[in-house]
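The structure appears right after this line, and notes come after that.
Since every read-out is calculated from the coordinates, none of them should be taken as a lab result. Computed from a predicted structure; not experimentally measured. Because the Cβ atoms are built from the backbone with ideal geometry, glycine has one as well, and the counts that use them run over all protein chains shown.
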Amino acid sequence: MEKHLKLFTPGPGDVDEDVLAAMSLPVLRHYGPGWMEIYNETLSLLRDIFKTNNEIFLVLGPGSALMDMSIGSLLSPGDKIIVGQNGFFGDRLRDIAEGYGLVVIPFTSSLGEPLDPDEFRKLIVQNPDASAITLVHHETGTTVMNPLKEIAEIARKAGIAIIVDAVSSMGGVDLPVDEWGIDICVTTPNKCLEAIPGVGIISISPRAWEMVDKHTDNGHGWYLNLKTWRYFAREWGSWHPSPVTMPTNNILAMLTSLRNIKQVGLEAHYAKYAHASQAVRAGLGNLGFEMFVHQECASPIVTGVKARKEFTVAEIQNWLASERGMAVGGGLGTLSGKIFRVGHLGKAATREYLIDFLFSVEEFLRYKGLKVAEGSSLIGI
Ligand SMILES: *Cc1c(COP(=O)(O)O)cnc(C)c1O
């Protein structure tokens, strides 16, 4: 088996021991009164983080499956959708929309820049028949935060639905779903909720349900169809709320983490990310690295760092893995080799991990023959 590396990746992250321990509890049934207690507590804690009264489902599968489910359930082939595309995950939303035969209106910005709300306003004027916008809140591919609040407000005024990939932002930054009027919001447990991959989380607004009900073409099938999940939640909801066997241990692990987040408080949970990202930016900056995106749109969840001329991204990644047992993320797609990405998820935001990471980068630079004063990366700790 591969030796475990300390994770400084953009997801998943290293999680607490009590979260891991929940994975080894005896297997529970995914129905009946015992399960309903666990399920309802999980949904209630998720509602607090989403800040929503909307219906929430837990759907066995990755975050991308739930984006697929949302776009496919709300829109029919030939419908027009505006798709925010400023990185790897935005491009995936385009691919999903095209897969359903939708007419895609690209809403782009250059890599490393956020989407521009004014541009969105123009697109709405040019495409009055567009029925939805989909976009990524935190574009993990570039580490840019998109201005979701502003974009959601424009969408709401224009009366078009907004479908959000919040896989890497929910729990890491404030995202009040009801206040901002987000119709569909998708996340997973293995990013800022600091649990284990395997299940997706989706919230659906009353307006999104209206679109689902208007949607007569059910050509995209049964499993990733919101109607299927609604049927079970409403008709069987008192004892068997999901249409399929649920990953019960996985949900127990998420519940453990959600209880921990509640205990420290959501604001303190956000502050942990903000501090970790500042410590990494200050520390790496002091070592001569340049960040990939401006501070104003930089995410507190993952930090993108530019490659340097003295070594390749692969070289620092390989050295950190083999000599210090830690993993950082590379660049995706066209950013491959141009940046590396440091995640602040889970244990990566702890003092112990931060010091270990920053000091190891110092050591790598000394190994490469660069003059770096010992401890100079730790200024932001
Ligand atoms: C990690 C990530 C995904 C991918 O989630 P899967 O669970 O692998 O499908 C999607 N979008 C964003 C923004 C992500 O960070």
Rounded to 10°, Cα long-axis angle of helix 33-50 versus longest principal axis of the chain: 70
Residue-by-residue Karplus 3J(HN,Hα) for segment 107-121, coefficients 6.51, -1.76, 1.60, Hz, glycine and proline x: 10, 10, 8, 6, 4, x, 10, x, 5, 9, x, 5, 4, 5, 4
Sort T187, T108 so that the residue with the fewest other Cβ atoms within 10 Å of its own Cβ comes first and the one with the most comes last. T108, T187
Going toward the positive end of the dipole of the chain, with +1 on Lys and Arg Cβ and -1 on Asp and Glu Cβ, which of H275, I133, H4 do you reach last? H4
Need the list of lysines near K149 for cross-linking: C-alpha distance under 25 angstrom, and skip anything on the same chain fewer than eight residues off. K51, K80, K122, K157, K191, K262, K272
Computed FRET value (nearest 0.05) for Y367 with S336, which takes r as the C-beta separation and R₀ as 25 Å: 0.60
Quick note on L370, L332, ordering by fewest other C-beta atoms within 10 Å, gives L370, L332
Among all stretches of the chain without exposed GluC sites (Glu not before Pro) (DSSP loop, at most 13 other Cβ atoms within 10 Å), which one is longest? 3-289
Considering only DSSP beta bridges where both residues belong to the chain, give the percentage that are antiparallel (nearest 5). 50
Which FRET efficiency value, to the nearest 0.05, is calculated for D213 and Q317 with the Förster distance at 51 angstrom and r the Cβ-Cβ distance? 0.60
Report the Cα centroid-to-centroid distance between segment 3-30 and segment 171-245 in angstrom, as an integer. 23
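Ratio of the chain's C-alpha Rg to 2.2 N^0.38 Å, to two decimals?
Normalised Rg, Cα atoms only: 1.01.
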Helix 226-235 sits at what angle to the longest principal axis of the chain, using alpha carbons and giving 0 to 90 degrees rounded to 10? 70
Tell me which chymotrypsin sites (Phe, Trp or Tyr not before Pro) from segment 237-309 have a DSSP coil assignment and no more than 13 other beta carbons within 10 Å of their own. W239
Using alpha-carbon coordinates, inclination of helix 248-264 to the longest axis of the chain, degrees: 70
